[in-house]
Every structure is written in structure tokens, then in C-alpha cells.
């Protein structure tokens, strides 16, 4: 499998865990002590790291550090928008669209050498 594609898939999977670890407690554990929410989040984050570390190691074989970071940020936004709208019931905000366009521009600039060298 293409290493960039494999990296993208693994980062997307790890990002789902990360998003729940960072924000899921705001919906599920608001009545619990913060330390309880932190421990549950830490447990979820373990699975994120078990996927994210190999993803970054694979990705760094074919991408530079800046490309890897911008790819991660794009994936974060792609995962966060449905999480926020569907799971947290926050509703769609036009700012999500503007943020997505900014991330799309960042992807273009960080990958333009790869895109135009084909």
C-alpha cells in the first residue's frame, strides 16, 4: 500500500480516538470529578498513540515533518467537524467551512512540490 495513503488512514483512525479523548468527556462525564474524566481520556489516548506513532514513523519515510503536520491538522479538522455536529450536537457553523478552506490552502502549499513534480 502507498505509504502516504497508509499514513493518512492511520492518522485518521488515531484522530478519532484523540478527538474522543480530548472532548468526549465534555458530554459524558460533566457530573464526574475531573480526575475521573482525565483518567478515562488518558485510557482512550493510549489507543490514539498506539496508532499515531506508527503512522508518523511510516509517514516520515516519504513526507517531511511539515507535510506530516499539515496532513495531521487537515485530518483533525475533517474528524472534528462531524464529531462536533453529530456527536456533540453543536450544529454546523460557517466558520468550519472557512477553516476547512484555510487547511485546504495549507495542504496545497505544503504539498505543491509533490503535486507539480508528477
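Throughout, read-outs are computed from the coordinates displayed, never taken from laboratory work. None of these values were measured; they are calculated from a predicted model. Virtual Cβ from ideal backbone geometry, glycine too; neighbours counted across all protein chains shown.
For a label point 7 Å from the Cα of residue 90 along Cα→C-beta, name the residues of the range 13-53 whose backbone N is under 18 Å from it.
Residues passing the 18 Å test: 15-30.
Determine the calculated [θ] at 222 nm for the chain from helices alone, applying -39500 (n - 2.57) to every DSSP H run no shorter than 4 residues and normalising by the residue count; nearest 500 deg cm²/dmol.
-25000 deg cm²/dmol, from helical runs alone.
Return the label of the correct value of percent of Cα pairs over 26 Å apart, as calculated from the structure shown, out of (1) 29; (2) 10; (3) 22.
Computed from these coordinates, percent of Cα pairs over 26 Å apart corresponds to label (1).
In whole angstrom, note down how far apart the Cα centers of the range 36-63 and the range 66-81 are.
14 Å
State, to one decimal in nm, how far the label point of residue 36 lies from the label point of residue 100, with both points 7 Å from Cα in the Cβ direction.
3.6 nm
Give me the percent relative contact order of the range 1-84, please, defined on Cα pairs under 8 angstrom at least 6 residues apart. Numbers along the way, then the final one.
Values: 66 pairs, mean separation 40.8, N = 84.
For the range 1-84, the relative contact order is 49 percent.
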